[in-house]
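Below you'll find the structure, written out as structure tokens, and then a few comments.
Bear in mind these aren't lab numbers, they're just calculated from the coordinates by the rules spelled out. Every value quoted in this text rests on a predicted model; they were computed, and no experiment measured them. Ideal geometry is used to build each Cβ from the backbone, glycine not excepted, and the neighbour counts take in all protein chains shown.
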Amino acid sequence: MKSRSKITPKFPALVLCGLMLHLGTTSGQTLTRDASSISTDDLVLTPPPGLRDAYTLPEAAVWRPLNTARGFPNRTESLIYATAESVAGGGNESEAGKVPAYRPFTFGVEAGTTGPGVVGSWRFLGHLGLRAGLHYFSYSADDIEIEGINFGADLRLMWMPVALDLYPSKSSSFRFTLGAVLNRNEFEGSARARDNGQTIEIGESIYDLQDIGGLSLELDQQTVCPYMAIGGNLYLGRAKRWSLMGELGVIYTDSPEVRLAPGVPGSVSEADLRAEIQEIEDVAKNFKFWPVIKFGLCFSF
């Protein structure tokens with residue numbers, strides 16, 4: 001005896017003949033519908049007892065109750081045992097089968113609290129993926145007040161995240177993201193005298209800006225920062241190629257290192273400089289968690 005085999009395209013025609021005899025004997029009617037017009041959705045396979053297990057259908061095969069509204073003349077308690085793959089496709093994928101649960105590679109452009117950037121991801125398993133990106137943004141302002149001192153400042157945001165994506169469901173794009181960010185952010189400020197006799201308070205003392213040659217400020221965050229987020233994609237079609245991306249998370253940057261120095265060395269007492277640095281650090285440490293809110297447009301393949 002031959003081993004069990006999958007249904008071939010010739011099998012439905014043989015079963016259809018048996019079905020006609022089966023329906024004719026149970027109701028006295030015959031089935032006259034042209035076989036070429038029968039779709040895979042309304043083909044009824046009724047294997048006799050003992051033969052049902054003689055064939056192995058693909059995993060996509062389903063059991064459904066008979067729908068008599070599709071043109072068959074009588075009801076039966078038989079089960080529909082057919083799918084597009086096993087009956088009409090001859091082993092080819094159906095239209096639904098051509099649409100994967102996900103596409104492994106995705107590239108996108110995004111913008112948010114980390115600045116505009118690009119991102120790429122590789123979903124190498126149903127529940128796991130890798131993600132990397134680059135975000136860059138720069139900003140300059142002439143008058144930013146920090147602890148009572150007005151600075152002209154230059155801000156540069158530069159983030160390079162590398163993370164692992166965890167997908168709870170193989171059929172969903174919803175993910176948890178855990179990883180690290182290479183932090184190359186920079187903040188530089190300088191206070192310069194605009195008028196004669198302009199003074200500033202440093203620590204507990206008052207200084208003339210011209211006498212001290214101005215004041216420079218630098219803030220440095222830690223280089224490698226932990227990162228976590230949740231996110232997902234809203235696909236714009238059944239093909240799952242174009243999508244809108246959203247992400248919500250946080251980066252832990254810790255308290256920044258503060259450097260403060262006058263233009264003329266020794267013109268400001270060390271005690272006043274330390275007191276002013278401490279005041280700036282006390283304010284800056286409240287922002288050691290950087291919120292991440294991003295939206296983007298992605299293409300998958």
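Worth a mention:
- The trypsin sites (Lys or Arg not before Pro) of the range 149-184 meeting both criteria, a DSSP state outside H, G, I, E and B (loop) and at most 14 other C-beta atoms within 10 angstrom of the site's C-beta, are 170, 184.
- Loop sites in the range 166-223: GluC sites (Glu not before Pro), DSSP, at most 14 other Cβ within 10 Å: 204
- Both radii come from the Cα set of the range 249-292: Rg as radius of gyration, Rh as Kirkwood radius; their ratio Rg/Rh reads 1.16.
- Net charge over other residues, Cβ less than 12 angstrom from the Cβ of residue 110 (K, R count +1; D, E count -1): +1
- Taking a Cβ cut-off of under 13 Å around residue 264, the surrounding Lys, Arg, Asp and Glu residues balance to a net charge of -1, with basic ones at +1 and acidic ones at -1.
- Using the Karplus relation 6.51 cos²θ - 1.76 cosθ + 1.60 with θ = phi - 60°, the per-residue 3J(HN,Hα) values for the range 100-111 come to x, 4, 7, 9, x, 10, 9, 10, x, 10, 8, 8 Hz, with x marking Gly and Pro.
- Approximating the spin labels as points 7 Å out from Cα along Cα→Cβ, the residue 211-to-residue 239 distance works out to 7.3 nm.
- Packing order of peptides 277-287, 227-237, highest average first: 227-237, 277-287 (average count of other Cβ atoms within 10 Å over each peptide's residues).
- Extending 7 Å from Cα along the Cβ direction at residue 257 and again at residue 143 yields two label points whose distance is 3.3 nm.
- Spin-label model distance (nm) - residue 281 vs residue 169, 7 Å beyond Cα toward Cβ: 4.9 nm
- Counting every other Cβ atom within 10 Å of each residue's Cβ, 142, 165 order from fewest to most as 142, 165.
- Sequence of 216, 173 once ranked by neighbouring C-beta atoms within 10 Å, starting from the fewest: 216, 173
- The range 115-223, relative contact order in percent, only Cα pairs under 8 angstrom and at least six apart counted: 21 percent
- Those residues of the range 174-210 whose amide nitrogen sits under 15 Å from the label point placed on residue 269, 7 Å along Cα→Cβ: 201-208
- Formal net charge of residues neighbouring residue 190 (Cβ-Cβ distance under 14 Å; K, R +1; D, E -1): -4
- √(5λ) per eigenvalue of the Cα gyration tensor, the range 105-300, largest first, Å: 45, 16, 11
- Using R0 = 22 Å, the C-beta based FRET efficiency linking residue 125 and residue 98 works out to 0.55.
- Listed by Cβ neighbour count within 10 Å, with the fewest neighbours leading, 294, 240 appear as 240, 294.
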